[in-house]
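Visitor: Shown below is the structure under consideration.
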Amino acid sequence: MNTLNYISFAVSPLLIIVFVLYLKYKFSIKNFSNIRNAIILGAISVILLVIANYLIDLRWDGNYKNMRRMVFFVFIGIAFSSELAKFIPLKFLFYKLKNFSGPLEGVIYSIFISLGYTMVASVLYAFEIVGSTDKFHNFTLFLFTLPFANLVFAISMGFFVGIAKMRKNTFIDCATGLFVATFFHGLYYFGFITSDIRLLIFVAIGFTVIGITFLVKSVSLKLEERK
């Protein structure tokens, strides 16, 4: 493994520090216990990804040459297991907090859960503990972009779970958040594992637009709530 791959492990911790400092100085937040718990639970959530990968490898012995197997591996073994693992603490722990009132809180907690996840997942991918045993093209780029891509998945999931907090029927919004995050995660990983440059470019542009849109909408809903 080259030096750049080792350096990529620092991206998630640096993003955590940046976001914590922003919350501290922008909103004068002093108690970060919930943020700390979100990061820890995000790191622990990687266990589900490891289990899913182990079970699929046990069944197919790492042979994903068949397109159906590859799609199942990417969208279920990687994407769904990862996003379900992050969804569980967001929905069943942080969702119940008194200060969790809408999309903005959903996005914030989801981001820190996701960064805790990528902090560990990056290492597991790098040492081939999870993911495809065949190193795909631009593996170093994958490791560097993994935390940023997961921020988009987190914003998407957090937005819909936060919307659910504002409605009576929560199942549809929560399910939508999980589905959207899983679909985006699957597209991202599929682009790298197939070395489809056009798909990766499309995904990068789309993720940027979607992430900004959901983030702006979350902030606007929060401002409307305060009026």
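Visitor: So residue 30 fits all but one of (1) within 23 Å of residue 181 (Cβ to Cβ); (2) modelled with pLDDT under 95; what number is the exception?
Guide: (1)
Visitor: Next up: Does any residue of segment 140-158 turn out to be crowded, with 21+ Cβ neighbours inside 10 Å and farther than 23 Å from residue 89 by Cβ?
Guide: Yes: one or more hits.
Visitor: Just need a number here: residues in segment 1-43 that are among the β-branched types (Val, Ile, Thr), over 17 Å from residue 93 (Cα atoms) and in contact with a helix residue (DSSP H, G or I) (Cβ under 7 Å, 6 or more places away or on another chain). Explain how you work it out, then say what you get.
Guide: Here is the first cut: in segment 1-43, the residues among the β-branched types (Val, Ile, Thr) are 3, 7, 11, 16-18, 20, 29, 35, 39-40.
Now restrict to residues that are over 17 Å from residue 93 (Cα atoms): 3, 7, 11, 16-18, 20, 29.
Now restrict to residues that are in contact with a helix residue (DSSP H, G or I) (Cβ under 7 Å, 6 or more places away or on another chain): 11, 16, 20, 29.
Result for segment 1-43: 4.
Visitor: If you check residue 35 against the conditions, is it surrounded by 20 or more Cβ atoms within 10 Å (Cβ to Cβ) and farther than 24 Å from residue 188 by Cβ?
Guide: Details: surrounded by 20 or more Cβ atoms within 10 Å (Cβ to Cβ): yes; farther than 24 Å from residue 188 by Cβ: yes.
Taking the combined requirement at face value, the residue satisfies it.
Visitor: Given the condition within 20 Å of residue 20 (Cα to Cα), among the aliphatic types (A, V, I, L, M) and touching a residue at least 60 places away in the same chain (Cβ under 8 Å), answer yes or no: does some residue in segment 120-133 qualify?
Guide: From segment 120-133, those within 20 Å of residue 20 (Cα to Cα) are 120; that's our starting set.
Going one step further and asking which of them are among the aliphatic types (A, V, I, L, M), we end up with 120.
Now restrict to residues that are touching a residue at least 60 places away in the same chain (Cβ under 8 Å): 120.
Yes, the conditions are met somewhere in segment 120-133.
Visitor: Take the conditions farther than 18 Å from residue 79 by Cα and of a type in the set (Ser, Thr, Tyr) and apply them to residue 109. Does it pass? Step through it out loud before you land on a result.
Guide: On the way: farther than 18 Å from residue 79 by Cα: yes; of a type in the set (Ser, Thr, Tyr): yes.
Judged against the criteria, residue 109 is a match.
Visitor: Could you count how many residues in segment 211-227 are of a type in the set (Lys, Arg), within 23 Å of the chain's Cα centre (by Cα) and either modelled with pLDDT under 90 or not in a helix (DSSP H, G or I) (or both)? Break it down stepwise before answering.
Guide: Narrowing segment 211-227 to residues of a type in the set (Lys, Arg): 217, 222, 226-227.
So of that shortlist, the ones also within 23 Å of the chain's Cα centre (by Cα) come out as 217, 222.
Among the residues that remain, those that are also either modelled with pLDDT under 90 or not in a helix (DSSP H, G or I) (or both) are: 222.
Adding up the residues that qualify gives 1.
Visitor: Another question about this same structure. Is it fair to say residue 191 is outside any helix (DSSP H, G or I), modelled with pLDDT under 95 and in contact with a helix residue (DSSP H, G or I) (Cβ under 9 Å, 6 or more places away or on another chain)?
Guide: Working: outside any helix (DSSP H, G or I): no; modelled with pLDDT under 95: yes; in contact with a helix residue (DSSP H, G or I) (Cβ under 9 Å, 6 or more places away or on another chain): yes.
The answer is no for residue 191.
Visitor: Restrict the check to segment 166-182 and report whether at least one residue is surrounded by fewer than 22 Cβ atoms within 10 Å (Cβ to Cβ), in a loop (DSSP other than H, G, I, E, B), out of contact with any Pro (no Cβ under 9 Å at 6 or more places or on another chain) and among the polar types (S, T, N, Q).
Guide: The answer is yes; a qualifying residue exists.
Visitor: Turning to a different aspect of this structure: Among (1) surrounded by 13 or more Cβ atoms within 10 Å (Cβ to Cβ); (2) out of contact with any helix residue (DSSP H, G or I) (no Cβ under 6 Å at 6 or more places or on another chain); (3) among the aromatic types (Phe, Trp, Tyr), which single condition is residue 92 missing?
Guide: (1)
Visitor: Which residues, counting only those in segment 133-156, are farther than 23 Å from residue 206 by Cβ and polar (S, T, N, Q)? Give the derivation first.
Guide: Here is the first cut: in segment 133-156, the ones farther than 23 Å from residue 206 by Cβ are 133-135.
The one that is farther than 23 Å from residue 206 by Cβ and polar (S, T, N, Q): 133.
The values are calculated or read from the model by the stated rules, or taken from the named source; none is laboratory data. Note that this is a predicted model, so its numbers are computed, not measured. Cβ atoms come from the backbone with ideal geometry, glycine included; neighbour counts cover every protein chain shown.
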